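Have a look at the structure below before the remarks.
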Amino acid sequence: MNDVAELRYNGKTYKLPVIAGSEGEKAIDISRLRAESGMITMDYGFANTGSCTSNITFMDGEKGVLRYCGIPVEQLAEKATFKETAYLLINGHLPNRRQLTDFSVLLNDHSLVHEDMKIFYQNFPRASHPMGILSAMVNALRSFYPALHESEEEINITVTRLLAKVRTMAAMSYKISLGHTVVYPRPDLAYCENFLNMMFDSPVRPYQLKPEVIKALRVFWILHADHEQNCSTAAVRVVGSSRANLYAAISAGIAALWGPLHGGANQAVIEMLTQIQKNNGDFKSAIGRAKDRNDPFRLMGFGHRVYKTYDPRAKIMKKVCDDLLGALSIQDPLLDLAVELEEAALKDPYFIDHNLYPNVDFYSGIVLRAIGIPTNMFTVMFAIGRLPGWIAQWKESMDDPNWKISRPRQVYIGETLHDFVPIDDRE
Ligand code: SDX
């Protein structure tokens, strides 16, 4: 028997179908609501609104559960490579050995950036933010690779091209910002190793790849790989819904991720901790400001729209942080400060009552500092990690029979009808 919800208003009853997900989530399908009642729903920030069904990522915000295609993120962080995780998200299953080899060959073959794109980098002001550069360069890929996604094969090449080039483009922006020689990708290095080498190798000082650093980066990117319908993924889906090309949709996702309330939070956490450190480590006043409704200050790296318990990724990131700093014998005072801040906040009634816990961004910046990533590239690191998820969600929306162009409604609260007033009659 079909599950139905009833809405009663103004003496009328509207029957709305209820759909159920494979994990028991339920949703009231309001697709017919306006046609039948003349009314729409209002949901600021879409906090209670589903935009699609999806079989990519499952989150349980109350239990702190995160799975990619049914596999717990904890297992992927422990056992998978980032390449395998990217393949899983985009194809819906882990690759067998042959599929992984073919994927690796394609990633290698497409890892170079067109030499003409270097000129773009050289003409950005030196202080340009790497997220603005990355968003622009990804969009520019369309000009260099017009054949996009007419066939399955073209889609796979476009997808692999993006995954392969995004690392090279990110590392190029760093090297060129320093006025250093660009380091090219190497066929003998795997995904994470290649990125580290492109970032830190130099003709006069060869970069020494360390297993602990490679592991930290692998886990960092796996933890960021997808997160269902977050702000930037929603942006990718909205832009993709007009049938704009994949590069444009991903460029929009990068732009949305840039915000300090979203992916920009990892940079904002380090800036917040540095500010507290300058203020004699007084984290108590930061907590006080975060609780003050009249103060726009928020505890960066805390809180989440979906997780109302500890972000499972933050738990893993904290262990990565401890292991990496221990292995590299790094004493980062910001880590000590972050631990103190977390302990104090988790005991504070305001944070308890508001279900505010550390999210993925709270410790991730300290890991990136230990690797040697400059602070203004922290969100670029998030974007490289999230790229497979954006691509997977874009592909799923293209294949969704229920998909249509995104076009929300509104409730108009402006001026009611009145006539044009000639300029000489205006006050
Ligand atoms: C990411 O969606 C995703 O999945 C995102 C992400 C992903 O992987 O894609 O997980 C990545 O973006 C993680 C979040 C990174 N952002 C930050 O760390 C910035 C700080 N956090 C907040 O700005 C906030 O918690 C958000 C933006 C993350 C969530 O905001 P919501 O769900 O819209 O919650 P809200 O703003 O309505 O806040 C609810 C209440 C408010 O208090 P009241 O007015 O109800 O009394 O909680 C308070 C807020 O003031 N609150 C905070 C707070 N976060 C929420 N108060 C102090 N510090 C905070 N960090």
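The values are calculated or read from the model by the stated rules, or taken from the named source; none is laboratory data. As the structure is a computational prediction, the values presented were derived from the model and not from experiment. Glycine gets a Cβ as well: all are built from the backbone with ideal geometry, and neighbour counts include every protein chain shown. For accessibility, only protein heavy atoms count, side chains too; no ligands or nucleic acids. Shrake-Rupley method; radii C 1.70, N 1.55, O 1.52, S 1.80 Å.
The number of residues in region 227-236 being open to solvent by 30 Å² or more (accessible area, probe 1.4 Å) and not in a loop (DSSP other than H, G, I, E, B) comes to 2.
State the number of residues belonging to region 54-86 that are open to solvent by 50 Å² or more (accessible area, probe 1.4 Å) and touching a residue at least 60 places away in the same chain (Cβ under 8 Å). Show your work before the answer.
Taking region 54-86 as the starting set, the residues that turn out to be open to solvent by 50 Å² or more (accessible area, probe 1.4 Å) are 54-55, 62-63, 67, 70, 74-75, 78-79, 81.
From what's left, touching a residue at least 60 places away in the same chain (Cβ under 8 Å): 54-55, 62-63, 74, 81.
Total meeting the criteria: 6.
Going by the structure shown, is residue 325 buried (at least 18 other Cβ atoms within 10 Å of the Cβ), over 23 Å from the mean Cα position of the chain (by Cα) and closer than 14 Å to residue 216 by Cβ?
When the stated conditions are applied, residue 325 passes them.
Residues that are closer than 16 Å to residue 305 by Cα and assigned to a loop (DSSP other than H, G, I, E, B) within region 343-357 comprise 354, 355, 356, 357, listed in sequence order.
Counting only residues that are closer than 30 Å to residue 223 by Cα, assigned to a loop (DSSP other than H, G, I, E, B) and open to solvent by less than 80 Å² (accessible area, probe 1.4 Å), region 390-427 holds 3 of them. Of the residues making up region 265-298, those that are closer than 24 Å to residue 233 by Cα and open to solvent by 10 Å² or more (accessible area, probe 1.4 Å) number 3. All conditions in (1) open to solvent by less than 40 Å² (accessible area, probe 1.4 Å); (2) over 22 Å from residue 225 (Cβ atoms); (3) in a helix (DSSP H, G or I) hold for residue 183, with the sole exception of (3).
Within the group 400, 361, 332, which residue is touching a helix residue (DSSP H, G or I) at 6+ places or on another chain (Cβ under 9 Å), touching a residue at least 40 places away in the same chain (Cβ under 8 Å) and of a type outside the set (Phe, Trp, Tyr)?
Numbers: 400 fails: touching a helix residue (DSSP H, G or I) at 6+ places or on another chain (Cβ under 9 Å); 332 fails: touching a residue at least 40 places away in the same chain (Cβ under 8 Å).
Result: 361 is the single residue among 400, 361, 332 that is touching a helix residue (DSSP H, G or I) at 6+ places or on another chain (Cβ under 9 Å), touching a residue at least 40 places away in the same chain (Cβ under 8 Å) and of a type outside the set (Phe, Trp, Tyr).
Of all the residues in region 90-116, those that are open to solvent by 60 Å² or more (accessible area, probe 1.4 Å) and β-branched (Val, Ile, Thr) number 2.
Can you give me the number of residues within region 88-123 that are aromatic (Phe, Trp, Tyr), farther than 23 Å from residue 390 by Cα and in contact (Cβ under 8 Å) with a residue 24 or more places away in the chain?
So in region 88-123, the residues aromatic (Phe, Trp, Tyr) come out as 103, 120-121.
Still in the running and farther than 23 Å from residue 390 by Cα: 120-121.
Restricting the remaining residues to those that are in contact (Cβ under 8 Å) with a residue 24 or more places away in the chain gives 121.
Number of matching residues: 1.
When you scan region 201-211, do you find a residue that is crowded, with 22+ Cβ neighbours inside 10 Å and of a type in the set (A, V, I, L, M, F, W, C), even just one? Checking region 201-211: not a single residue is crowded, with 22+ Cβ neighbours inside 10 Å and of a type in the set (A, V, I, L, M, F, W, C). Kindly indicate which of 349, 358 is within 16 Å of the ligand (Cβ to nearest atom), modelled with pLDDT of 95 or more and surrounded by fewer than 20 Cβ atoms within 10 Å (Cβ to Cβ). None of the other options fit; the residue is 349. Take the conditions (1) out of contact with any Lys or Arg (no Cβ under 8 Å at 6 or more places or on another chain); (2) surrounded by fewer than 10 Cβ atoms within 10 Å (Cβ to Cβ); (3) under 18 Å from residue 406 (Cα atoms); residue 45 misses just one of them, which is (1).
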